[in-house]
1. Taking H as built 1.01 Å from N, whose amide H comes closer than 5 Å to the amide H of VAL45, not counting residues under 5 places away?
2. Would you kindly state how much longer the chain becomes between ASP132 and ASP112 on full extension, computed as 0.36 nm times their sequence separation minus their alpha carbon distance, in nm to one decimal?
3. Using a Förster radius of 25 Å, what is the FRET efficiency between ALA86 and ALA46 based on their Cβ-Cβ separation? Nearest 0.05, please.
4. Can you give the net charge of the other residues whose Cβ lies under 13 Å from the Cβ of ALA98, counting K and R as +1 and D and E as -1?
5. When THR34, THR137 are ordered from fewest to most other Cβ atoms inside 10 Å of their Cβ, what list results?
6. Counting only C-alpha contacts under 8 Å and six or more residues apart, can you give the relative contact order of segment 19-136 as a whole percent?
7. Give me P(r) over segment 19-136, computed from all C-alpha to C-alpha distances, binned every 10 Å, as integer percentages.
8. Which whole-Hz couplings ³J(HN,Hα) result when phi for each residue of segment 121-135 is put into the Karplus expression 6.51 cos²θ - 1.76 cosθ + 1.60, θ = phi - 60°, listed in order with x for Gly and Pro?
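Bear in mind that the values in this text are calculations on the coordinates, not laboratory data. These numbers come from a predicted model, not from an experiment. Positions of Cβ are generated from backbone atoms using ideal geometry, with glycine treated the same way; all protein chains shown enter the neighbour counts.
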Amino acid sequence: MKRHECLTVRDAAPLPRRARILVVDDDPDLCEVTARILSRLGCEVALAKDGVEAWGALQEDCYDLLITDHQMPWVTGLELIQKLRAEAMTLPVILFSAAVPVAELNRLPGLDIQAVVSKSCPLEQLLKTVDDVLAATGLALAESNPR
């Protein structure tokens, strides 16, 4: 399904469906572990190893959430988010990074990032953040408490 054909959560049928998440990180082990955990919680997860690959995936398919690292070769996480917003894509974003670029975040208006999570946080914090962001769009992790 092309990006312009994506249904919004409001357009979707009321039946429960799996959240589609794109995880972007140049650390293949962390990417795989994150994907495995989210998959076990009922999400459909796609992986991208950098911002260039992620941009291609975003052009080709629809997602409910983008989880991206910041420090990656070629296209950083913030550059990816800027491209997303420049194309008027309203996809919710979690910036999941070892080095949170606070100064850059402060000088880049309009990124509309739903959450910033440090990679050093406990896994439970990342999962709660994912659940909170998805819940705001009408979705939730399968093992979450009903809302």
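1. ILE21
2. Working: separation 20, 0.36 × 20 = 7.20 nm, distance 1.54 nm.
The span from ASP132 to ASP112 would gain 5.7 nm if fully extended.
3. Numbers: r = 22 Å, r/R0 = 0.87.
After rounding, the FRET efficiency stands at 0.70.
4. Values: positive: LYS119; negative: ASP25, ASP26, ASP27, ASP69.
With Lys, Arg at +1 and Asp, Glu at -1, the neighbours total -3.
5. Numbers: THR34 23, THR137 17.
Ascending number of Cβ neighbours within 10 Å: THR137, THR34.
6. Value for segment 19-136: 22 percent.
7. Values per bin, smallest distances first: 14, 53, 31, 2.
8. Here the 3J(HN,Hα) series is 6, x, 3, 4, 5, 4, 5, 5, 5, 4, 4, 4, 5, 5, 4 Hz.
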